[in-house]
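Undergrad: Below are the structure tokens for one structure; questions will follow.
Read-outs: derived from the displayed coordinates by stated rules, not from any lab. It should be emphasised that the depicted structure is a prediction, and the values quoted were computed from it without experimental measurement. A quick note on method: Cβ atoms are made from the backbone with ideal geometry, for glycine too, and the neighbour counts reach across all protein chains shown.
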């Protein structure tokens with residue numbers, strides 16, 4: 001397969017791997033001192049107090065911007081179905097967690113990848129957030145649960161919508177499954193733009209008694 005479809009670095013195009021070690025070291029990671037929802041300067045946690053109150057999200061960790069070669073890797077995973085890229089993207093997110101000294105925070109959390117609607121899952125064949133989550137869990141020994149949150153509404157792709165339509169699109173899109181939910185949850189997705197998907201999922205979980213929600217994403221764009 002490598003002979004027929006050779007791997008190529010997404011940044012320098014050197015053959016042999018999808019992201020070489022040299023280009024991995026060139027990734028520009030985002031700081032934690034501004035809010036990823038409203039862009040206000042803050043102290044830490046990736047979200048300001050106002051957005052914490054309105055969204056229910058307690059913290060946001062995002063590795064890098066979308067408009068760079070990492071964003072291109074995300075697109076290749078989702079639309080060219082190169083599932084191996086989930087390992088690289090998890091490694092990038094793990095590096096940002098270490099940069100922010102958040103490793104100790106995550107040990108007792110359950111990771112819930114943002115679910116796809118069943119129809120979208122059939123179209124794609126996999127959930128990219130789930131693949132990334134399963135790769136990320138290894139350093140922290142977290143449980144990954146795909147049975148706790150369900151997307152009950154088939155929605156348009158968020159990337160094709162403006163800001164207002166994104167919030168309308170995912171309103172009441174999620175449903176928490178019956179039974180006991182963990183008190184501390186990590187929601188994981190590939191990209192955060194307006195935060196509409198994360199906010200909708202967070203509200204659903206907190207209505208069911210989840211106390212703390214940290215949102216993780218590879219890219220902000």
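Undergrad: If the chain between residue 33 and residue 172 were fully stretched, how many nm would it gain, using 0.36 nm times the residue separation less the Cα-Cα distance?
TA: Between residue 33 and residue 172, full extension yields an extra 47.0 nm.
Undergrad: A follow-up question, please. What is the gain in length, in nm to one decimal, between residue 154 and residue 50 on full extension, counting 0.36 nm per residue of separation less the C-alpha to C-alpha distance?
TA: Extra length from residue 154 to residue 50 when fully extended: 34.4 nm.
Undergrad: Hey, another quick one. Averaging the inverse of every distinct alpha carbon separation and then flipping it gives the Kirkwood radius. What is it for the stretch 7-71, in angstrom units?
TA: Evaluated over the stretch 7-71, this radius sits at 13.5 Å.
Undergrad: So how much slack lies between residue 123 and residue 107, counting 0.36 nm per residue of separation and subtracting their Cα-Cα distance, in nm?
TA: My answer for the length gained is 2.4 nm.
Undergrad: Residues in the stretch 62-77 near a label at residue 12, defined as backbone nitrogen under 17 Å from the 7 Å Cα→Cβ point?
TA: Residues passing the 17 Å test: 69-70.
Undergrad: At q = 0.08, 0.12, 0.14, 0.18 Å⁻¹, what log₁₀ I(q)/I(0) does a Debye calculation on the Cα points of the chain give, no solvent, two decimals?
TA: Each listed q maps to, in turn, -0.27, -0.62, -0.85, -1.44.
Undergrad: Moving to a separate point now. Could you tell me the relative contact order of the chain? Use alpha-carbon pairs under 8 Å, at least six residues apart, and round to a whole percent.
TA: Averaging sequence separation for qualifying contacts and normalising by length gives 22 percent for the chain.
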